[in-house]
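The values are calculated or read from the model by the stated rules, or taken from the named source; none is laboratory data. These figures come from a predicted structure and were not determined experimentally. Don't worry about glycine lacking a Cβ; one is built from the backbone with ideal geometry, like all the others, and counts go over all protein chains shown.
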Amino acid sequence: MSRRAWAVCFFIVALLVIVGIRYRLAKMDGWFVDVFRIEWARSDDAGLGRWPGVRFSWPALKGLTLYLVGADAPAARAYWEHFSVYGDFGTLGGPMEAALMRGQPEVARGLAEEALGKDKQSRPGLLTLGRLALDEGKGDEALAHLSRVLDRYEDQLDALLLSAVAHTRAGKNDLAIDALKRALRDWRGPPRASTFLTVLETSGDLGQRPAGQKPLCLLAHYHRFLRIFDDAQGEVAIEYAKQAIASGDRPDDAWLTIGIIYGFRGRSEDSRDALAKAVAANPRNPDALVRAALVYGDSGDAVTERRLMLEAADLGGDDPYYTNGLQRYFVDKLGDYQQARTYFLERLAKNPDNPTDLQRLGQISNLLGDQPQAIAYFRRALSFRPDRPETLERLARALYEMGQLDEARQTIDKAIALDPRRGTAYTTLGFIYLRQGNRPMAIQTFERANRVGDRDIGAYAELCWLYAVQGANGRAVPCLRWVLQQRPGDPVVLGRLRMAERGLARQRARENTR
Amino acid sequence: MTTTQTSRLATTGRWILGLLRYSAISAIGLWALTAQLDYRIPGPMLFLLPWLSLALLALSVLMLANHFVPRGWMPEPARQAFDRTEYWGSLAILIFACWSLVVFVNGFRDRSLPAGHRSEVQSVARRALEIKLGTLTPVSWVTLRPVSDPQRVERMPLWWKERSTVWVGRTVVVKMRHGALGIPWVAGIDEDVETHHRAILAMSPTATYSWRALILYYLRERHILEAAQLARQYRDLAPYDVRFFTTVAAMLGDRGMSAEVVTLLEPLAKRSDAPPTLHVYLGLALTYTGQRDRGVAMLEQALEKDPNHLTALYALAELHERWGLYETSLEYWDRLLEVSPDLADAPERAAKVRARLGRTTPAAGGGQAPQKR
């Protein structure tokens, strides 16, 4: 071949490699590709940062390269090195985490003890101590710290992931899988950087074991976790899960892993088949039942969905994850408040002082239009847990519906004092102001609810209409148009939009004649 | 100009012309594929056409790539074979593009309304071209058996967004359009809302979302009488869902079904949790069915619940204006303007009524609450 032909071949191969790497990186989370990211320089050392600073580090490039060739554990160690050198880019969460990432365990311990001195249940403090105990090989001590986190913060992601690592290091693979399943069942990520790298390193170490000694189902779960950050890990997880099934290592959970990953890949029917096999392998696996119920529901098989949901809730016992799932099914999916009431009344009969069930029944009564009953349930729930802003907010809503505006106002103020970032509480307050005829305050409160993240379309529609009522038609028209896009054909919104448009046209005509 | 320079110029010209030609063929292949996917023609074999189009597109891209390969790189027999493939490939693409043009004109110029046909999903070719990298190709097809003619089988390409709707054994609604050239084509494959929610109601008769979904579906499909009948049944089952009934009443009112609005809302108006808007819609429906006094009383009831209810004030002002009761109308307009001085066209409407009464300025202190009549 001529030199020109070689050059063309080289060009094509290089192009394919670049496109391949680019495609692979595009499917990965920023964690791994941090080295290639260009971002605005921080104001700490570069004034107001008008120019982009290229963040690049050799350890991170090494980490990325090792990761791409499948060496997870050395990659994690390289990333540790990267963070210990370049840990001041704002990617680290809090001073304790930063100290951990920079390799300053004593500083981290000091900060954690200080935080625990102020609050015995401090989440970052307990997590940091757990993490340090894990590094020192004191698995039991680490688990004790982490279980304290889980007592206060249900299903806290970092605590569950680090618990899984502690169990793995102690050789308790079943407990590790259970912790990972809990961490993954209701994703509340992302975890802290140090936790992620610990998991990556642990799964990499497990993967390096000789063929017969690999805990296959556990590896499948670790890679199911890593898939969240890198889609290609899904294939690895599926591969380990298939091997686990073949070797009889918790086949129900292995099928569950396969089913979930197929679901994320858009292979809905394969996902349904895999989940059906998970249920067949162990009909008493509540996670498999819940996941299968969801997929059967999507496929239009409402009868199977319902049966599986009820079975999962019964098998789940007092674990609120399963009862929450059933509540969501009855209330949010079917809107079947009467059946929900019947089911949760039966549960309450077994444990009459359960504040969670009392709150649920209050919410269901509220939806059924039975406000006095709802208020009674919420008050009973609050007598057991007076510091729950969610219950206070629901009580305020019921009082508002009953027209008891002063008490509703006092209750919602308490809820906001407990959690000032609760958007839905501001929405309730906005409606109370509106009923009291205080439109300017209602507007302010609805706007605040929107700013802090409440996306209730009904409240937003009310806000748009208030703009029109106050004569701000220029704001009302686009606002109502947006609401109409979300609720196509809603006659009330349409009527209001027409009025606002007429008002705007009149205002413009008046301005033109001036 | 020397002979060498002329020859180089000619070579460059040929190269540019070749580049343009193969780029155009690739673009035509791509467009043909898009047309086939956008305006899908169902049939036992026609579903293969987008696949053929995809193959031809791949061939045209190969031809484009081959254009860049230097002459001496490939052995001459291989080169000649490739050239022949190029020739026949280009011809096939052009023939296929002509058919795609017909499909495009048939769909693009079509002004007919879609008609829904229920079909059962027999199979879905989901994994036909799955790439190991973790994604699916955009081209896949579905095999359907029409409910009205179970002997017939239809195949058609599947859009990406339709994949979550299509499950084997499930009924779907295939929206067919007549086609400008008389070739029926598929405008979309939708979930069979009616069958799905009826099945849920058979299992859970108190599932409010399915009642709501069915009522709204019938209203959307203009099956107004079914919608009204279902809404009455649902009202008896779940009278607490007053806000939903208010929305349904507004939709029925928009379609001129005032008598149905009265039947639906009247039993609900007595509820303490009925919003004032419900009284407004009921009041308007009563007046439209000739019950003027009861209508006005109902609108007044809305104002008792919320004295500043702008829609009630607007409706009362407008109705009285229409009935020639300008004095009362003006009172309501003034009262409305006192609450919201710049609302829609209220200032003009009020000014017009005032002019009819021979007044030029609004009454001092705004309007007084009109007496109940």
The stretch B:335-359, residues that are part of a helix (DSSP H, G or I), charged (D, E, K, R) and within 41 Å of the chain's Cα centre (by Cα): B:335, B:338, B:348, B:349, B:352
Positions within the stretch A:467-501 being under 19 Å from residue A:434 (Cβ atoms) and within 31 Å of the chain's Cα centre (by Cα), in sequence order: A:479, A:480, A:483
Scan of the stretch B:265-302 for residues that are in contact (Cβ under 8 Å) with a residue 40 or more places away in the chain and farther than 20 Å from residue B:254 by Cα, ordered by number: B:293, B:297, B:300
Lone qualifier among A:75, A:142 - being within 20 Å of residue A:183 (Cα to Cα) and either in a loop (DSSP other than H, G, I, E, B) or modelled with pLDDT of 90 or more (or both): A:142
Selection within the stretch A:310-351 - outside any helix (DSSP H, G or I) and at pLDDT 90 or above: A:335, A:336
Single condition residue A:74 does not satisfy, out of (1) buried (at least 22 other Cβ atoms within 10 Å of the Cβ); (2) in contact (Cβ under 8 Å) with a residue 60 or more places away in the chain: (1)
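Residues that are farther than 16 Å from residue A:491 by Cα, part of a helix (DSSP H, G or I) and assigned by TED's automatic domain parsing to the domain that holds residue B:331: does the stretch B:268-276 have at least one?
Scanning the stretch B:268-276, I find at least one residue that is farther than 16 Å from residue A:491 by Cα, part of a helix (DSSP H, G or I) and assigned by TED's automatic domain parsing to the domain that holds residue B:331, so the answer is yes.
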Long-range neighbours under 9 Å by Cβ, at least six apart or interchain, first residue among the small types (Gly, Ala, Ser) within the stretch B:141-164, second surrounded by fewer than 20 Cβ atoms within 10 Å (Cβ to Cβ) and part of a loop (DSSP other than H, G, I, E, B): B:164/A:266
Members of the stretch A:471-514 that are within 19 Å of residue B:246 (Cα to Cα) and not in a helix (DSSP H, G or I): A:487, A:488, A:489, A:490
Residue B:235 vs. criteria assigned to a helix (DSSP H, G or I), basic (Lys, Arg), within 12 Å of another protein chain (Cβ to nearest Cβ) and free of Cβ contacts under 8 Å to residues at least 60 places away in the same chain: no
Yes/no for residue A:278 being surrounded by 23 or more Cβ atoms within 10 Å (Cβ to Cβ) and small (Gly, Ala, Ser): yes
Positions within the stretch A:200-215 being of a type in the set (A, V, I, L, M) and either outside any helix (DSSP H, G or I) or surrounded by fewer than 23 Cβ atoms within 10 Å (Cβ to Cβ) (or both), in sequence order: A:206, A:211
Of all residues in the stretch B:181-218 being of a type in the set (Asp, Glu) and in contact (Cβ under 8 Å) with a residue 40 or more places away in the chain, the one that is farthest from the other protein chains (Cβ to nearest Cβ): B:190
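When you check residue B:257 against the structure, is it within 11 Å of another protein chain (Cβ to nearest Cβ) and surrounded by fewer than 22 Cβ atoms within 10 Å (Cβ to Cβ), yes or no? Step through it out loud before you land on a result.
Values: within 11 Å of another protein chain (Cβ to nearest Cβ): no; surrounded by fewer than 22 Cβ atoms within 10 Å (Cβ to Cβ): yes.
So residue B:257 fails the test.
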Residue tally, condition within 11 Å of chain B (Cβ to nearest Cβ) and of a type outside the set (A, V, I, L, M), over the stretch A:233-262: 4
Filter result (of a type in the set (Val, Ile, Thr) and away from chain B (no Cβ under 14 Å)) within the stretch A:270-308: A:279, A:290
Index of the failed condition, residue B:252 passing every other in (1) buried (at least 22 other Cβ atoms within 10 Å of the Cβ); (2) facing another protein chain (nearest Cβ under 8 Å): (2)
In the stretch B:318-330, residue nearest to the other protein chains (Cβ to nearest Cβ) [restricted to those that are in contact (Cβ under 8 Å) with a residue 24 or more places away in the chain and touching a helix residue (DSSP H, G or I) at 6+ places or on another chain (Cβ under 8 Å)]: B:318
Matching entry among A:189, A:171 (being surrounded by fewer than 23 Cβ atoms within 10 Å (Cβ to Cβ), modelled with pLDDT under 90 and of a type outside the set (Ser, Thr, Tyr)): A:189
First in the stretch B:87-100 and closer than 11 Å to residue B:59 by Cα, second anywhere and surrounded by 16 or more Cβ atoms within 10 Å (Cβ to Cβ) and of a type in the set (Val, Ile, Thr), Cβ under 8 Å, 6 or more apart: B:90/B:25; B:93/B:25; B:93/B:28
